[in-house]
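Only one structure is covered here, and it is reproduced in the block below.
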């Protein structure tokens, strides 16, 4: 099944976190020599995401370090801890749309 | 990080003493499916993608029949560690090309409050560097035995 734009953004953030921590995992003795290959994969992944979404992701990343934040069990944005409107709940959520937190503007990701 | 602190991140439901997988891909699926089964995760594909990408960077098979696949993912809410053991060995493309018998999969959320992910990873490497501990882990049949070995490791 084709991945949604939100799922691709989540994969992009996962890849960015991996790239950020390369030197630390190397220091712990892990093999992490193909950094260039990973950066290339990152670019290929970013190319699959609509440009305005990538821009917005990059902007949020600059501002907050993590552009996408999980939503807590009590329907709270775990970035700014604002309670989200009940119309935005995990019930029936399919990750088809990209939704921004009304409080901090980060992209929301429901874990359940 | 102390061994006492480390054991608080293990979970009996993520203790898999008889892995069926024979390849790296099968192994990742077997463990990730367990995370999904006990509801730690809703989207297995996102985690599988992250783990495969990590292998693209370099093998997490650290040699001496041990693998520590690891990474942060937006799809995780907490740090979680799964332990798996394979009697027959798993083809893993490890740094020493030996099959893997002991697996610790360490998954962390984007931000962990006390920043414990990297210390956990470091502690696991330290414990698994001891050949006596590796041999004992191969013999562990129950979760209690396993935790005791990690505590003393």
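Which numbered condition trips up residue A:76, out of (1) more than 10 Å from every other protein chain (Cβ to nearest Cβ); (2) surrounded by 15 or more Cβ atoms within 10 Å (Cβ to Cβ); (3) touching a strand residue (DSSP E or B) at 6+ places or on another chain (Cβ under 9 Å); (4) in contact (Cβ under 8 Å) with a residue 24 or more places away in the chain?
(4)
Within the bounds of the range A:27-50, is there any residue that is at the interface with chain B (Cβ under 8 Å from one of its Cβ atoms) and exposed (fewer than 14 other Cβ atoms within 10 Å of the Cβ)? Spell out the reasoning first.
To start, the set of residues in the range A:27-50 that are at the interface with chain B (Cβ under 8 Å from one of its Cβ atoms) comprises A:28-35, A:37-38, A:41.
With the extra rule that they be exposed (fewer than 14 other Cβ atoms within 10 Å of the Cβ), the set shrinks to A:33, A:37.
Yes, the conditions are met somewhere in the range A:27-50.
Rundown of residues vs (1) modelled with pLDDT of 95 or more; (2) more than 13 Å from every other protein chain (Cβ to nearest Cβ); (3) not in a loop (DSSP other than H, G, I, E, B), yes/no style:
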site: B:1; (1), (2), (3): no, no, no
site: B:21; (1), (2), (3): yes, yes, no
site: B:40; (1), (2), (3): no, no, no
site: B:45; (1), (2), (3): no, no, yes
site: B:71; (1), (2), (3): yes, no, yes
site: B:87; (1), (2), (3): yes, yes, yes
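Just to be sure I understand the filter: pairs with C-beta atoms under 8 Å, separated by 6 or more residues or on different chains, first member in the range A:86-101 and within 13 Å of chain B (Cβ to nearest Cβ) and more than 14 Å from residue A:72 (Cβ to Cβ), second member at pLDDT below 85 and assigned to a loop (DSSP other than H, G, I, E, B). Which pairs pass?
Final answer for the pair search is A:95/B:43.
Which one of these is within 14 Å of another protein chain (Cβ to nearest Cβ), exposed (fewer than 15 other Cβ atoms within 10 Å of the Cβ) and either out of contact with any strand residue (DSSP E or B) (no Cβ under 9 Å at 6 or more places or on another chain) or without any contact (Cβ under 8 Å) to a residue 60 or more places away in the chain (or both): B:148, B:78? Please lay out each step first, then the result.
Working: B:148 fails: within 14 Å of another protein chain (Cβ to nearest Cβ).
Among B:148, B:78, only B:78 is within 14 Å of another protein chain (Cβ to nearest Cβ), exposed (fewer than 15 other Cβ atoms within 10 Å of the Cβ) and either out of contact with any strand residue (DSSP E or B) (no Cβ under 9 Å at 6 or more places or on another chain) or without any contact (Cβ under 8 Å) to a residue 60 or more places away in the chain (or both).
Here's a check for you: in the range A:59-73, which residue that is without any contact (Cβ under 8 Å) to a residue 12 or more places away in the chain and either within 19 Å of residue A:11 (Cα to Cα) or in contact with a helix residue (DSSP H, G or I) (Cβ under 9 Å, 6 or more places away or on another chain) (or both) is nearest to the other protein chains (Cβ to nearest Cβ)?
The residue in question is A:65.
The values are calculated or read from the model by the stated rules, or taken from the named source; none is laboratory data. All figures in this text were calculated on a predicted structure; none of them were measured in a lab. Here the Cβ is made from the backbone with ideal geometry for all residues, glycine too, and neighbour counts use every protein chain on show.
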